[in-house]
1. Counting each DSSP H run of 4 or more residues in the chain as -39500 (n - 2.57), what helix-only mean residue ellipticity at 222 nm follows after dividing by all residues, to the nearest 500 deg cm²/dmol?
2. For the chain, with a Gaussian network of springs between Cα atoms less than 10 Å apart, report the residue from Leu196, Leu89, Leu98 with the top mean-square fluctuation.
3. Just grab the label-to-label distance for Arg146 and Thr172, each label 7 Å out from Cα along the Cβ direction, in nm (one decimal).
4. From Cα pairs below 8 angstrom and at least 6 apart in sequence, can you work out the relative contact order of region 7-216, rounded to a whole percent?
5. If exposed trypsin sites (Lys or Arg not before Pro) are those in a DSSP loop with at most 16 other Cβ within 10 Å, what is the longest stretch of the chain that has none?
6. Can you give the FRET efficiency to the nearest 0.05 for Asp106 and Ser44, using r as the Cβ-Cβ distance and R₀ = 25 Å?
7. For a protection proxy built on the mean count of beta-carbon atoms within 10 angstrom, sort 127-134, 29-36 highest first, please.
8. Which order results if Met216, Met211 are arranged by neighbouring Cβ count within 10 Å, fewest first?
Amino acid sequence: MVRIEGGAAQKPVHQRQAAVLALWRWRAPVLAFELDAEWGVDRSVLESLFRLAAAPAGEPSDRAYRRNIAELCTAPLFTSEVDPDTVQLFQLETIGNLLTFGELLDKAGVDEAERVVETSAGLATYLDALVGGSFHSHPSEEAHRRYLADLADLTDRASEGYFASRHLAVVTACHGALADLPESAGLLDSSTGRELLALCEDFGEEVVMTMRWLRMTGH
């Protein structure tokens with residue numbers, strides 16, 4: 001289980017920033033694929049939620065985030081049963097995490113922030129399970145094996161899969177830089193924040209390639 005470094009001792013603004021970074025690790029996967037038309041979810045609303053989450057904390061951005069959440073929740077998705085395929089499952093989990101972040105705005109605390117972070121980690125672990133359970137060889141299988149072998153030489157995390165390990169590496173890099181982020185600025189407003197978002201986007205783009213492979217091979 002991934003927990004926010006420092007836990008309750010961490011400043012609320014850093015708890016929030018850690019949660020935003022967790023969301024952004026799955027931004028590319030949720031937006032790279034078409035949303036099911038029957039869900040009635042406006043893609044632009046999702047894009048706005050990611051952007052507003054990374055905006056400076058405060059009443060204006062929080063109010064706008066809540067307004068977008070209210071609009072999102074009017075979609076038929078929330079009043080109907082769905083039978084998602086693999087890609088759609090990740091989309092739905094990420095949409096759910098955007099809703100969880102909205103709860104954090106109303107009752108800021110480490111528990112709400114950790115729910116966002118832990119969902120992100122859980123998705124990475126689940127992706128490893130899907131890749132490992134496939135009858136097809138992943139196109140980057142050798143590169144993944146080398147990454148894990150190199151990691152095993154440095155740490156005791158040899159039992160983790162590739163995406164869980166990559167995710168944890170990104171989490172560690174992000175958490176190590178939280179103290180350097182300006183508390184009054186959004187992640188998009190500082191060079192360090194943008195670098196961390198780009199790091200999360202890189203992870204997300206790698207996930208997108210694997211999701212395309214999973215869909216192509218019948219998942």
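1. About -21500 deg cm²/dmol.
2. Per the Cα network of the chain with a 10 Å cutoff, Leu89 tops the list.
3. Going from the Arg146 label point to the Thr172 one covers 2.0 nm.
4. Details: 205 pairs, mean separation 72.7, N = 210.
For region 7-216, the relative contact order is 35 percent.
5. 4-106
6. Values: r = 24 Å, r/R0 = 0.95.
Using R0 = 25 Å, I get an efficiency of 0.60.
7. Details: 127-134: 15.6, 29-36: 18.1.
The packing order, highest mean first, is 29-36, 127-134.
8. In increasing order of surrounding Cβ atoms, one gets Met216, Met211.
Laboratory data are not the source of any read-out in this text; all were calculated from the coordinates shown. Predicted model, so just to flag it, every value in this text is computed and none were measured. Here the Cβ is made from the backbone with ideal geometry for all residues, glycine too, and neighbour counts use every protein chain on show.
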